[in-house]
Amino acid sequence: MLASGDNASHSDFVFRGFPGLHEHRWVVAPPLAAAYALALLSNALLVYVICSVERLHSPMYALICMLCAVDLAAVNAIAPSTLLGLLLDWNGVSLAGCLAQMFVTHFLSSVESTLLLAMSLDRYVAICQPLRYHELANPSAFVKLLLFTLVRSGAVMVTLVGLAGSLDFCASNIILHCYCDHMALVSLACGDTRHSRAAGLAVIACFVGVDIPLIFFSYMKILSVVLRAAASEDRWKAFHKCGTHLMVMMCFYLVGSVTFLSHNLNIDIPTDANTAMGLVYIVFPAAANPVIYGVRTAEIRNGFYRLFRLRDAKVSPVTSVKTTKLDDFR
């Protein structure tokens with residue numbers, strides 16, 4: 001490690017995510033490995049089922065498939081290297097490798113945010129304006145959504161990582177995290193970091209400040225329509241399902257925002273707790289989303305049963321657009 005007075009900038013860094021556990025960091029590895037294995041298996045299986053079953057080739061299931069693919073990429077970006085660090089003390093990373101991991105991690109998180117927003121709007125149109133669903137949810141709209149997602153997330157994250165990469169790191173090369181989080185790296189810079197900190201706040205405003213209100217509005221409108229149209233038993237199921245969706249989303253947004261902003265707003269969070277939240281922010285949604293959007297969706301369950309010939313799936317042959325969409329929330 002260089003002394004704080006040296007002018008040279010570090011090109012190699014060391015992760016120290018759980019300094020409070022000292023030699024017992026390995027205890028974090030088993031639950032992380034279990035969650036990682038669950039995320040890999042469940043997301044890969046769901047992608048396979050949706051791609052293989054023709055009945056699931058529709059906008060809603062395409063969005064779920066994309067969400068699973070993003071979750072697969074996100075956990076693979078951090079979990080293997082984190083497990084190696086916890087178990088074998090392989091904690092070194094170059095500046096270029098750190099910046100690459102930072103871009104991939106934050107880019108995928110921003111893409112997931114956009115997909116969650118798109119899924120809520122898809123359900124809103126399907127349930128609240130069913131007669132316009134096929135007009136609005138068409139291949140052209142899907143391509144536009146994909147381009148918008150890539151441009152918005154790519155432009156924001158290139159700027160974020162570019163600003164971080166332009167800094168000099170001449171004080172310490174110890175990153176107090178298990179992976180290359182933006183502010184965990186920027187906090188090590190010895191120069192002016194105002195632009196990088198402002199960029200971090202802009203990311204939160206761009207995604208959390210825009211996406212959460214729209215998602216919340218969509219689900220409240222959906223819940224209002226379903227509760228008016230459904231029977232008393234189905235009302236509880238609809239409320240439970242919407243509530244579950246929102247709770248998982250709030251975990252993703254709230255935990256992610258706290259970890260992202262803790263350095264910007266000088267929030268005093270113990271390093272171990274902040275590192276744990278950073279892992280939960282990536283791994284928990286990846287493990288939970290296949291259950292929330294896959295196992296609990298009747299069409300996907302039926303597709304799974306048919307694909308693997310476990311039993312005859314009971315799928316009604318013909319239903320109206322409105323009935324089919326309402327059934328998604330029962």
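The values are calculated or read from the model by the stated rules, or taken from the named source; none is laboratory data. This one's a predicted model, so the numbers in the text were calculated from it and none came from an experiment. Glycine gets a Cβ as well: all are built from the backbone with ideal geometry, and neighbour counts include every protein chain shown.
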Subject >> Pair list, Cβ under 9 Å, 6 or more apart: region 212-229 residue within 13 Å of Ala126 (Cα to Cα), other residue not in a helix (DSSP H, G or I) >> reply: Ile222/Phe329; Leu223/Phe329; Val226/Phe329; Val226/Arg330
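Yes or no, residue by residue, for (1) polar (S, T, N, Q); (2) closer than 22 Å to Met249 by Cβ; (3) out of contact with any Cys (no Cβ under 7 Å at 6 or more places or on another chain):
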residue: Trp26; (1), (2), (3): no, no, yes
residue: Ser42; (1), (2), (3): yes, yes, yes
residue: Val47; (1), (2), (3): no, yes, no
residue: Leu83; (1), (2), (3): no, no, yes
residue: Leu88; (1), (2), (3): no, no, yes
residue: Met102; (1), (2), (3): no, no, no
residue: Glu112; (1), (2), (3): no, yes, yes
residue: Leu115; (1), (2), (3): no, yes, yes
Subject >> From the options Ile127, Ile175, residue that is of a type in the set (A, V, I, L, M) and over 24 Å from the mean Cα position of the chain (by Cα) >> reply: Ile127
Subject >> Complete set of residues in region 53-108 that are closer than 30 Å to Arg309 by Cα and hydroxyl-bearing (Ser, Thr, Tyr) >> reply: Ser58, Tyr61
Original post:
Is it fair to say Asp181 is charged (D, E, K, R), crowded, with 20+ Cβ neighbours inside 10 Å, more than 25 Å from Gln129 (Cβ to Cβ) and at pLDDT 75 or above?
Top reply: yes
**OP:** Keeping to region 60-111, report how many residues are closer than 22 Å to Ala164 by Cα, crowded, with 23+ Cβ neighbours inside 10 Å and over 13 Å from the mean Cα position of the chain (by Cα).
**Re:** 3
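Residue by residue, here is whether (1) in a helix (DSSP H, G or I); (2) at negative phi; (3) surrounded by fewer than 13 Cβ atoms within 10 Å (Cβ to Cβ) holds:
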position	(1), (2), (3)
Lys144	yes, yes, yes
Leu147	yes, yes, yes
Gly154	yes, yes, no
Thr159	yes, yes, no
Gly162	yes, yes, no
Asp168	no, yes, no
Ser172	no, yes, no
Subject >> Filter result (assigned to a loop (DSSP other than H, G, I, E, B) and under 25 Å from the mean Cα position of the chain (by Cα)) within region 178-202 >> reply: Cys178, Tyr179, Cys180, Asp181, Ser187
Subject >> First in region 19-35 and over 18 Å from Pro270 (Cβ atoms), second anywhere and of a type in the set (S, T, N, Q), Cβ under 9 Å, 6 or more apart >> reply: Ala29/Thr82; Leu32/Thr82
**OP:** Could you tell me whether any residue of region 80-90 is aromatic (Phe, Trp, Tyr) and either in a helix (DSSP H, G or I) or closer than 21 Å to Gly154 by Cβ (or both)?
**Re:** no
Original post:
If a residue has to be surrounded by 15 or more Cβ atoms within 10 Å (Cβ to Cβ) and modelled with pLDDT under 50 to count, how many in region 283-321 make the cut?
Top reply: 1
**OP:** Tally the residues that are buried (at least 20 other Cβ atoms within 10 Å of the Cβ) and small (Gly, Ala, Ser), restricting the search to region 26-44.
**Re:** 3
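Quick grid of which residues meet (1) over 22 Å from Ile64 (Cα atoms); (2) hydrophobic (A, V, I, L, M, F, W, C):
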position: Thr259; (1), (2): yes, no
position: Ile269; (1), (2): yes, yes
position: Thr275; (1), (2): yes, no
position: Ala286; (1), (2): no, yes
position: Pro290; (1), (2): no, no
position: Tyr293; (1), (2): no, no
Original post:
Just one of Glu23, Glu112 is part of a helix (DSSP H, G or I), touching a helix residue (DSSP H, G or I) at 6+ places or on another chain (Cβ under 9 Å) and acidic (Asp, Glu); which is it?
Top reply: Glu112
**OP:** Give region 114-149 a look and list any residue that's among the charged types (D, E, K, R) and farther than 15 Å from Ala62 by Cβ, or say none.
**Re:** Arg132, Glu135
Subject >> Those residues of region 45-59 which are surrounded by fewer than 20 Cβ atoms within 10 Å (Cβ to Cβ) and either among the basic types (Lys, Arg) or closer than 15 Å to Ile292 by Cα (or both), in sequence order >> reply: Leu45, Arg55
